[in-house]
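Peer 1: Sharing a structure with you now.
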Amino acid sequence: MKSGTKVSIVRCEDYSRAKEAVREAVDLIGGLGPIIFPGARVLLKPNLLAAKPPEKAVTTHPAIVSAMCELVVEAGGIPIVGDGAGITHPGVTDEALDISGIREAAQRAGAEVLSFETSGYEVVDVPDPSHFSQLYIAKPVVDADVVISLPKLKTHELTTYTGAVKNMFGAIPLKFRKEAHMLGKKDLFSEAVVDIYSAMVPHLALMDGIVGMEGNGPSKGTPVNVGIVMASYDCVSLDVVASKVIGLDPMDVPTNKAAIERGYGAPDPEVLGVSVDDVSVKFKLSGTTLVGSAPPFLVKRLGKLFMIKPFINTSQCTLCGACVLNCSAHAIEQKKGRLKINNRKCILCYCCRELCPSGAVKMKRSLFARILLKVRNRGR
């Protein structure tokens, strides 16, 4: 068995004892000592999919985040909590950090809190890629000495299940998220997810399975009490075991299959603590989805119709240069005394819009995007 493929399962019926459960789960696999050294900058990556309160079970619960932050501090590390939410509009990550309770909980536990929308991205090579030979990865992830994935136990309409591996999807900007979805098939999409995961493999995964989500996950499903916390030094192995907990054959989860075929994780990890059989809860799965069932050419066509692009309103622009200095893709160019965004270079991170002091960066939305966002907002 590969080193690090042990997975712990600890009972935790309520978030009030999250810290004790998190500590036990991590201690069972060997603790934080092997991965955290004094002064290490530790990036904690929760699932911050959307601006939803914790009781909706869309995001990692703030009690799990604060517990992990406290343990990192005890181990001598410097905790940093960051993510990039599902982009419906610029600034949604900050909204999600507030509404989910993660910002307050993390700061109370001594962590710095960052939005990947404004922290910049760096180009990273992908080893043995399936679809992306290079990716833009959030700078806090790249700069961290240690990366810890803090996923939520949920179903997913495209990958069946979402966990520690899929959680790294939030580390890339919108352009690459769109390109992955536009591959048009769940197996191809899952291969792209593994590309993202392999570009910056976390050192530890700690899963919030106290209350998970079944049905139309990852955002429209139903909260379900499972009452567990899980940990592993290997994200893929954790996902394999978590898939079993919710009644799935792990190899029926396309991200698991793609990762194991690439040499990550183990198909049958050792389980420590409580057994899978003792805590298993068969989840209802998501129904048929557009991306999972539509022909690839149609998915690509619809993807191209969905467009939210930034542009600079030159009448408001003061040429201060804040957007130019903070554009990771160097997509903002000055021509004839005016700043303009080069759409071919733009990675759709919206950093320019968030950091513009004069509010000169505006958003252009396609008709299809306006319709979809209106429908989504009605469902909140």
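Peer 1: If residue 79 meets every condition in (1) in contact with a helix residue (DSSP H, G or I) (Cβ under 7 Å, 6 or more places away or on another chain); (2) surrounded by 24 or more Cβ atoms within 10 Å (Cβ to Cβ); (3) under 30 Å from residue 186 (Cβ atoms) apart from one, which number is that one?
Peer 2: Every listed condition holds for residue 79 apart from (3).
Peer 1: Exactly one of (1) among the hydrophobic types (A, V, I, L, M, F, W, C); (2) surrounded by fewer than 21 Cβ atoms within 10 Å (Cβ to Cβ); (3) closer than 16 Å to residue 103 by Cβ is unmet by residue 63. Its number?
Peer 2: Status for residue 63: all satisfied but (2).
Peer 1: From the residues in the range 194-212 that are among the hydrophobic types (A, V, I, L, M, F, W, C) and either open to solvent by less than 20 Å² (accessible area, probe 1.4 Å) or assigned to a helix (DSSP H, G or I) (or both), which one is farthest from residue 132 (Cα to Cα)?
Peer 2: Narrowing the range 194-212 to residues among the hydrophobic types (A, V, I, L, M, F, W, C): 194, 196, 199-201, 204-207, 210-211.
Imposing the further condition that a residue be either open to solvent by less than 20 Å² (accessible area, probe 1.4 Å) or assigned to a helix (DSSP H, G or I) (or both) reduces the set to 194, 196, 199, 204-207, 210.
Details: 194: 10, 196: 8, 199: 10, 204: 24, 205: 24, 206: 27, 207: 27, 210: 34 Å.
Checked the range 194-212; the qualifying residue farthest from residue 132 (Cα to Cα) is 210.
Peer 1: A further question on this structure: Of all residues in the range 1-31, count the ones that are closer than 26 Å to residue 145 by Cβ and out of contact with any strand residue (DSSP E or B) (no Cβ under 8 Å at 6 or more places or on another chain).
Peer 2: Selection size over the range 1-31: 7.
Peer 1: Next question, about the same structure. Could you grab me the full set of residues in the range 354-367 that are closer than 13 Å to residue 312 by Cα, in a helix (DSSP H, G or I) and out of contact with any Cys (no Cβ under 8 Å at 6 or more places or on another chain)? Even if it seems obvious, please write down each step before you answer.
Peer 2: Just the residues of the range 354-367 that are closer than 13 Å to residue 312 by Cα, to begin with: 354-364.
Those still in the list that are in a helix (DSSP H, G or I) too: 354-355.
Of everything in the range 354-367, just one residue is closer than 13 Å to residue 312 by Cα, in a helix (DSSP H, G or I) and out of contact with any Cys (no Cβ under 8 Å at 6 or more places or on another chain), namely 354.
Peer 1: Related question: Does the range 291-308 contain at least one residue that is modelled with pLDDT of 70 or more and either surrounded by 13 or more Cβ atoms within 10 Å (Cβ to Cβ) or part of a loop (DSSP other than H, G, I, E, B) (or both)?
Peer 2: Here is the first cut: in the range 291-308, the residues modelled with pLDDT of 70 or more are 307-308.
From the residues that got through so far, the ones that are either surrounded by 13 or more Cβ atoms within 10 Å (Cβ to Cβ) or part of a loop (DSSP other than H, G, I, E, B) (or both) too are 307-308.
Yes, the range 291-308 contains a residue that is modelled with pLDDT of 70 or more and either surrounded by 13 or more Cβ atoms within 10 Å (Cβ to Cβ) or part of a loop (DSSP other than H, G, I, E, B) (or both).
Peer 1: Look at the range 242-258 and say how many of its residues are assigned to a loop (DSSP other than H, G, I, E, B), closer than 18 Å to residue 230 by Cα and in contact with a strand residue (DSSP E or B) (Cβ under 8 Å, 6 or more places away or on another chain).
Peer 2: Going through the range 242-258 one residue at a time, the tally reaches 2.
Peer 1: Given the criteria in contact with a helix residue (DSSP H, G or I) (Cβ under 9 Å, 6 or more places away or on another chain) and not aromatic (Phe, Trp, Tyr), does residue 220 qualify?
Peer 2: Values: in contact with a helix residue (DSSP H, G or I) (Cβ under 9 Å, 6 or more places away or on another chain): no; not aromatic (Phe, Trp, Tyr): yes.
No: the conditions fail for residue 220.
Peer 1: Looking at 101, 110, 120 in this structure, which one is more than 24 Å from residue 350 (Cα to Cα) and either in contact with a Lys or Arg (Cβ under 9 Å, 6 or more places away or on another chain) or not aliphatic (A, V, I, L, M) (or both)?
Peer 2: Values: 101 fails: more than 24 Å from residue 350 (Cα to Cα); 120 fails: more than 24 Å from residue 350 (Cα to Cα).
Going through 101, 110, 120 in turn, just one is more than 24 Å from residue 350 (Cα to Cα) and either in contact with a Lys or Arg (Cβ under 9 Å, 6 or more places away or on another chain) or not aliphatic (A, V, I, L, M) (or both): 110.
Peer 1: Regarding the range 182-193, can at least one residue be identified that is touching a residue at least 12 places away in the same chain (Cβ under 8 Å), open to solvent by less than 10 Å² (accessible area, probe 1.4 Å) and on the phi > 0 side of the Ramachandran plot? Even if it seems obvious, please write down each step before you answer.
Peer 2: Looking only at the range 182-193, we keep the residues that are touching a residue at least 12 places away in the same chain (Cβ under 8 Å), and these are 182-193.
From what's left, open to solvent by less than 10 Å² (accessible area, probe 1.4 Å): 184, 189-190, 192-193.
Those left that are additionally on the phi > 0 side of the Ramachandran plot: 184.
Yes - at least one qualifying residue is present in the range 182-193.
Peer 1: When residues of the range 32-45 are filtered for being open to solvent by less than 10 Å² (accessible area, probe 1.4 Å) and either without any contact (Cβ under 8 Å) to a residue 24 or more places away in the chain or assigned to a strand (DSSP E or B) (or both), how many remain?
Peer 2: 4
Peer 1: May I ask you to say which residue of 215, 227, 247, 221 is touching a residue at least 24 places away in the same chain (Cβ under 8 Å), open to solvent by less than 10 Å² (accessible area, probe 1.4 Å) and either in contact with a Lys or Arg (Cβ under 8 Å, 6 or more places away or on another chain) or of a type in the set (Phe, Trp, Tyr) (or both)?
Peer 2: Working: 215 fails: open to solvent by less than 10 Å² (accessible area, probe 1.4 Å); 247 fails: open to solvent by less than 10 Å² (accessible area, probe 1.4 Å); 221 fails: open to solvent by less than 10 Å² (accessible area, probe 1.4 Å).
It is 227.
Peer 1: For the range 259-278, name all the residues that are part of a helix (DSSP H, G or I), of a type in the set (A, V, I, L, M, F, W, C) and open to solvent by 10 Å² or more (accessible area, probe 1.4 Å). Don't jump to the end; show me each part of the working.
Peer 2: Step one: of the range 259-278, the residues part of a helix (DSSP H, G or I) are 259-261, 276-278.
Right, trim to of a type in the set (A, V, I, L, M, F, W, C) and you get 259-260, 276.
Correct list: 260, 276.
Peer 1: Can you name the condition, by its number, that residue 55 falls short on among (1) farther than 18 Å from residue 153 by Cα; (2) touching a residue at least 40 places away in the same chain (Cβ under 8 Å); (3) open to solvent by 20 Å² or more (accessible area, probe 1.4 Å); (4) of a type in the set (Asp, Glu)?
Peer 2: For residue 55, the exception is condition (1).
The values are calculated or read from the model by the stated rules, or taken from the named source; none is laboratory data. Values in this document were obtained by computation on a predicted structure and should not be read as measured data. Quick reminder, even Gly has a Cβ in these numbers, built from the backbone with ideal geometry, and neighbours come from all protein chains shown. Ligands, DNA and RNA are stripped out before the accessible areas are found, and what is left, the full protein with its side chains, is counted by its heavy atoms. Shrake-Rupley method; radii C 1.70, N 1.55, O 1.52, S 1.80 Å.
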